[in-house]
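Chemist: Pasting in a structure now, in structure tokens, and then I'll have a few things to ask.
The values are calculated or read from the model by the stated rules, or taken from the named source; none is laboratory data. Source: prediction; values computed, not measured. We work out accessible area using only protein heavy atoms, side chains counted, and drop any ligands, DNA or RNA first. Shrake-Rupley method; radii C 1.70, N 1.55, O 1.52, S 1.80 Å.
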Amino acid sequence: MVRPFFMDDVMHPAFDPQPTLTGAILQMRPLHGDDLGPLYDVAKDPAVWAGHPAKDRHQQAVFAPYFDMLLASKTTLAATLASTGQVIGCSRYYTPPQQGDGISIGYTFLGRDWWGGASNLEMKSLMLSAAFAHVDQVWLHIDPANIRSQRATAKLGATLVSEGALQLNGKDGIWQSWVVERDVWEQRTVVKT
């Protein structure tokens, strides 16, 4: 039987799901109510959602309730450019259906100008490093049709564990479950001199 996920599930008890994380390119900071306008400026591009199951999320009437859910979760981080503070996307932590005290990363989107380069890698690197201070595995759930996200996730060293029915945020769907192991992550991030 599939264990449903609810937004009020408690992930690892010592983990702060809204830290401020700063890298060379990005600062990830807690999402605020006044981020709606800047985040919608990113989200209103239909191409941002082309590989996503919610292809109509570029419409303001569809995006606004999604933003409200992200804000209410108290686990969402706004992705901003470290140099200017410009909002370029967001991502959030949530409890994985597979492991009640674990940590997942998802609900991620970035403006197209930041696809395929160092920005997405840095965003996930910052978030993974924060999570690995508390857990040995981090889960990611991806729509089977979202090839772009699958490729980006594989570049992180994640392994596809399963594909099947899950309930995320109260909605049933078919999702791929990927996992990044801490030891694999640490081996990939070791700087060789």
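Chemist: Distance between the C-alpha centers of region 127-157 and region 20-80? Whole Å please.
Modeler: 18
Chemist: A follow-up question, please. Can you name the helices of the chain, as whole DSSP H runs, whose Cα span along the helix axis is 18 Å or more and whose Kyte-Doolittle mean is not below -1.0? Intermediate values should be presented prior to the final figure.
Modeler: Details: long enough: 60-73 (19 Å, 1.00); 118-131 (19 Å, 0.52).
Counting only whole DSSP H runs, the qualifying helices are 60-73, 118-131.
Chemist: Quantify, in whole percent, the carbon and sulfur part of the accessible surface of region 139-193 (1.4 Å probe; protein heavy atoms only). Intermediate results must be reported in sequence, preceding the final value.
Modeler: Working: 1720 of 3300 Å².
So the carbon and sulfur contribution to the accessible surface is 52 percent.
Chemist: Shape call for region 90-193 from the C-alpha gyration tensor, a ≥ b ≥ c root eigenvalues: rounded (a/c under 1.5), prolate (a/b greater than b/c) or oblate? Before the final figure, lay out the partial values.
Modeler: On the way: a/c = 1.70, a/b = 1.24, b/c = 1.37.
Verdict is oblate for region 90-193.
Chemist: Now for a separate question. Please tell me the relative contact order of region 34-157 in percent, rounded to the nearest whole number, where contacts are Cα pairs under 8 Å and at least six residues apart. Display every interim value, and only then the final one.
Modeler: Numbers: 148 pairs, mean separation 27.2, N = 124.
For region 34-157, the relative contact order is 22 percent.
Chemist: Considering only protein heavy atoms, what per residue accessible area in square angstrom results for the chain with a 1.4 angstrom probe?
Modeler: Details: 9390 Å² over 193 residues.
Accessible area per residue, the chain: 49 Å².
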